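Written out below as structure tokens is the structure these notes cover.
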Amino acid sequence: MSNVPNRSPSDPAGGMWRHGRGGLTGERLRVLTELMIDLRGLGRGSSLLAPATGEGLLFVPLPRTGRRMPVLGLQDGRGRWSYLWDGGYCADADGTMRAAHQIAAVRW
């Protein structure tokens, strides 16, 4: 898996293009938002951190401890997206509802 930003189509030199509606940042926010919607459908809240600089991150509150579990959206070298949470648990982003069920099951 990689967290390296995509190159801008308008930047043949391959600069670290990260902003705007496309690219890695926009796609990551889309993937995390889809998970957020599915978690809400399961009765689990979440909050999306979308800083002006940097990458998005989803936080899911855990009912027993009150801590906020971070969920990352990661892209591998072939362009496939996955979710990573709590110490290395991973699920394919193509199965967002399946991932939402797995994340919603975390209680501590």
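The values are calculated or read from the model by the stated rules, or taken from the named source; none is laboratory data. In this text, all values refer to a predicted model and were calculated from it rather than measured experimentally. Neighbour counts run over all protein chains shown; Cβ positions are idealised from the backbone, glycine included.
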**Prompt:** Which ones in the stretch 30-76 are charged (D, E, K, R) and touching a Pro at 6+ places or on another chain (Cβ under 9 Å)?
**Reply:** Arg44, Glu55, Arg67, Arg68
**Fill in**
Of the conditions (1) within 25 Å of Trp108 (Cβ to Cβ); (2) of a type in the set (A, V, I, L, M); (3) touching a Gly at 6+ places or on another chain (Cβ under 8 Å), the single one that Leu42 does not satisfy is (3)
**Request:** Could you list all residues from the stretch 86-108 that are over 25 Å from Gly66 (Cβ atoms) and either surrounded by fewer than 16 Cβ atoms within 10 Å (Cβ to Cβ) or of a type in the set (A, V, I, L, M, F, W, C) (or both)?
**Result:** Asp92, Ala93, Asp94, Gly95, Met97, Arg98
**Request:** Examine the stretch 70-93 for a residue that is within 18 Å of Asp38 (Cα to Cα), modelled with pLDDT of 95 or more and outside any strand (DSSP E or B), and state whether such a residue exists.
**Result:** yes
**Request:** Please go through the stretch 50-69 and pick out each residue that is modelled with pLDDT of 95 or more, closer than 15 Å to Arg28 by Cα and of a type in the set (A, V, I, L, M).
**Result:** Leu57, Leu58
**Item:** Those residues of the stretch 45-69 which are within 19 Å of Arg107 (Cβ to Cβ), touching a helix residue (DSSP H, G or I) at 6+ places or on another chain (Cβ under 6 Å) and in a loop (DSSP other than H, G, I, E, B), in sequence order
**Value:** Ser46
**Request:** Report, ordered by the first and then the second residue, all pairs with beta carbons closer than 9 Å, sequence separation of six or more or different chains, a first member in the stretch 77-96 that is closer than 21 Å to Gly23 by Cα, and a second member that is part of a loop (DSSP other than H, G, I, E, B) and of a type in the set (Asp, Glu).
**Result:** Ser82/Asp76
**Prompt:** How do the pairs read when you match residues in the stretch 22-43 that are surrounded by 15 or more Cβ atoms within 10 Å (Cβ to Cβ) and β-branched (Val, Ile, Thr) with residues anywhere that are at pLDDT 95 or above and in a helix (DSSP H, G or I), using Cβ under 7 Å and keeping only pairs 6 or more apart or on different chains?
**Reply:** Val31/Ala93
